[in-house]
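What follows draws every value from the coordinates through simple rules; no lab data is involved. Bear in mind the structure is a predicted one, so any value in this text is a computation, not a measurement. Note: ideal-geometry Cβ built from the backbone for every residue, glycine included; neighbour counts use all protein chains shown.
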Amino acid sequence: MSPSKHRATTNASIGQLVSGRPLAQTDGGEGTEMAVTIAHEEHHYIQRTGWLRAAVLGANDGILSTASLMIGIAAAAATFNDILLAGIAALVAGALSMAAGEYVSVSSQSDTERADLETERKALRDDPEGELQELTEIYVERGLSDDLAQQVAQELMKAGALEAHARDELGISDLSKARPLQAAWSSAVSFAAGAILPIGVALIAPKDSTGIAIAGASLLGLAVLGILSARAGGAPAARAVARIVFWGMGAMALTALVGRLFGVAV
């Protein structure tokens, strides 16, 4: 194979590797060269972190904050209607608060990402050679040789200079990109779904044991939530359940103590 054809084959191979596409058989003209086909695929969970974080946080808060408030009101010798009203108010206020908080927080992150991308876009326009060298140095620091690092940097910048710098210099990718509306919607819906549990239990439980029923059902719900979130994120379930149940018990016990000490109906 001539040097020019070898370089063409190498460049194509690097381009396919960095883009994640499998390498197919190539014909060099003077013989057939077999390139490696990437058949092995792994199942990762990182793509779920955005919505999973918001959903777990919302559902956990929905169960815990609503149940704790209702238990605290019940411990203060309030009427059943007062307990139920407190739960409904907690659902509405909590869902809206979670949505607003997530939207504002993630929007700030999105604004920062856009500002960084605009800075990078200007740098690529004003000093493309300097940006190429910067990207090359990043790959050298990750273990590539100088020549290979420069070749990879050139190929990636040809394919998409801003995308390459966003991913490898700034750490911004489609998987980690801030999505305010998605985070707000996930938080509000999951909070409301979690809050329905203690409210529903209060509606069907005996009136003289409303607080105990809410506490038991809510702890069970928190445990189930811990298992589901652990499986969705590929983490050990036992640790997630222990963590969420421990803090849940502490929060409900503390609010019950406060309600008992004050002993007043709200």
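Some observations on this one:
- With a simple spin-label model that places each label point 7 Å from the Cα along the Cα-to-Cβ direction, the separation between L148 and T119 comes to 3.2 nm.
- Cα gyration tensor category, rounded, prolate or oblate, for region 61-128 with a/c compared to 1.5: prolate
- Our note on the geometry: Cα centres of region 174-224 and region 115-160, 47 Å apart.
- In plain terms, the chain from L181 to V224 could stretch by 12.8 nm, reckoned as 0.36 nm per residue minus the Cα-Cα distance.
- For a paramagnetic label modelled on A242 (point 7 Å from Cα along Cα→Cβ), amide N atoms under 12 Å away are absent within region 54-93.
- Cα gyration tensor shape of region 100-155, rounded if a/c is under 1.5, else prolate or oblate by comparing a/b with b/c: oblate
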